[in-house]
C-alpha cells in the first residue's frame, strides 16, 4: 500500500516574499505539487504572486477555486471539490504544499481545506508551518508595538455591526479590525464619537510595494480601501 503524501499548509506572510520562514521555504521547494487559491478572472492570486519567486520550474502548480461568498452550502461544495483535486496527488504518495497568505491558522482558507480533507480521508497527513499574520506585519510597518505590557488585544475578523466594536472596546486596550474596507465609514463615525481617530491607523497591502499607511484618521472619513486593509485602534488607559 502506498503511504499518502503530506498536505503541508505553508504560511507566506502578508506580501513580502522574504517573510516566508526557512522551514516553509524548504518544505515548499521539496513538494512536487504547489497548491494555492486561484485568482479572479484568470489572473494570478496574491498567494501565487508571492510564492512564484521561490518555485522550481518542474513543480506543478495547482490552482484551487474558493468562492468569495458566505453561503455555507456553496463553500462546503468548493472545499470538497478542492480536496478531490488535492487527494489525486496525495493518494499517490506525492506531497502537496498549499500556500496561504499570512498564517495558515489565522482566518485561513487552508483550515477549511485541511479539515475537509481529514473528514473525507482520515488517513491523510496534514502539517502546518506558522508565519507572519497581518496584524503583526501592520504593526511592523507602522513602527509601533502592537501591544505593550499587560495590554489586552482584540482581533475582529470582519465587522458587520459596529456594536461589536463598541463591546470589544469596553475591555480591550488595542483592537485590530480585519477587512475594514466593508465598514470603514461606519467605523470612522464611531471612532470619531469616541475621540479615537487620532490613535487609529489604517494599513493597506502591508509589506507590498504598493503599501499605503494612513495615520491620524480625523481628516479621512471617506477612504476608499482595498480588500487587504486593516485598522488598528489603541485606546487610552482610562478606557
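The values are calculated or read from the model by the stated rules, or taken from the named source; none is laboratory data. As the structure is a computational prediction, the values presented were derived from the model and not from experiment. Because the Cβ atoms are built from the backbone with ideal geometry, glycine has one as well, and the counts that use them run over all protein chains shown.
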Exercise for the section: Answer yes if at least one residue in region 56-64 is assigned to a helix (DSSP H, G or I), surrounded by 15 or more Cβ atoms within 10 Å (Cβ to Cβ) and modelled with pLDDT of 95 or more, and no otherwise. Expected result: no
Exercise for the section: Determine which single condition residue 232 fails, assuming it passes every other condition in (1) in a loop (DSSP other than H, G, I, E, B); (2) surrounded by 14 or more Cβ atoms within 10 Å (Cβ to Cβ); (3) touching a helix residue (DSSP H, G or I) at 6+ places or on another chain (Cβ under 8 Å). Expected result: (1)
Handout entry: Condition check for residue 117: touching a helix residue (DSSP H, G or I) at 6+ places or on another chain (Cβ under 8 Å), surrounded by 15 or more Cβ atoms within 10 Å (Cβ to Cβ) and under 18 Å from residue 5 (Cβ atoms)
Key = yes
Exercise for the section: Given the conditions (1) exposed (fewer than 13 other Cβ atoms within 10 Å of the Cβ); (2) at pLDDT below 95; (3) assigned by TED's automatic domain parsing to the domain that holds residue 111, report the number of the one that residue 1 does not fulfil. Expected result: (3)
Exercise for the section: Within region 145-157, track down each residue that is in contact (Cβ under 8 Å) with a residue 12 or more places away in the chain and part of a loop (DSSP other than H, G, I, E, B). Expected result: 146, 147, 151, 152, 157
Problem - region 158-195, residues that are in a loop (DSSP other than H, G, I, E, B), at pLDDT 90 or above and over 21 Å from residue 236 (Cα atoms) - result: 179, 183
Fill in the blank from the handout: Of the residues in region 86-106, those that are in contact with a strand residue (DSSP E or B) (Cβ under 8 Å, 6 or more places away or on another chain) and loosely packed, with under 15 Cβ neighbours inside 10 Å come to none
Fill in the blank from the handout: Apart from one, (1) within 21 Å of the chain's Cα centre (by Cα); (2) in contact (Cβ under 8 Å) with a residue 24 or more places away in the chain; (3) loosely packed, with under 12 Cβ neighbours inside 10 Å all hold for residue 183; the odd one out is (3)
Practice task
Can you work out which of the residues in region 138-160 that are under 21 Å from residue 220 (Cα atoms) and touching a helix residue (DSSP H, G or I) at 6+ places or on another chain (Cβ under 9 Å) is surrounded by the most Cβ atoms within 10 Å (Cβ to Cβ)?
Solution key: 159
Practice task
Could you grab the pairs with beta carbons closer than 8 Å, sequence gap of 6+ or different chains, first residue in region 58-84 and at negative phi, second one modelled with pLDDT under 90 and surrounded by fewer than 14 Cβ atoms within 10 Å (Cβ to Cβ)?
Solution key: 74/67; 75/67; 75/69; 78/67
Exercise for the section: State all residues of region 200-218 that are without any contact (Cβ under 8 Å) to a residue 40 or more places away in the chain and either crowded, with 19+ Cβ neighbours inside 10 Å or out of contact with any helix residue (DSSP H, G or I) (no Cβ under 9 Å at 6 or more places or on another chain) (or both); if no residue qualifies, say none. Expected result: 200, 202, 204, 209, 210, 212, 214, 217
Fill in the blank from the handout: Among 69, 83, the single one that is buried (at least 22 other Cβ atoms within 10 Å of the Cβ), assigned by TED's automatic domain parsing to the domain that holds residue 123 and either touching a helix residue (DSSP H, G or I) at 6+ places or on another chain (Cβ under 9 Å) or not in a loop (DSSP other than H, G, I, E, B) (or both) is 83
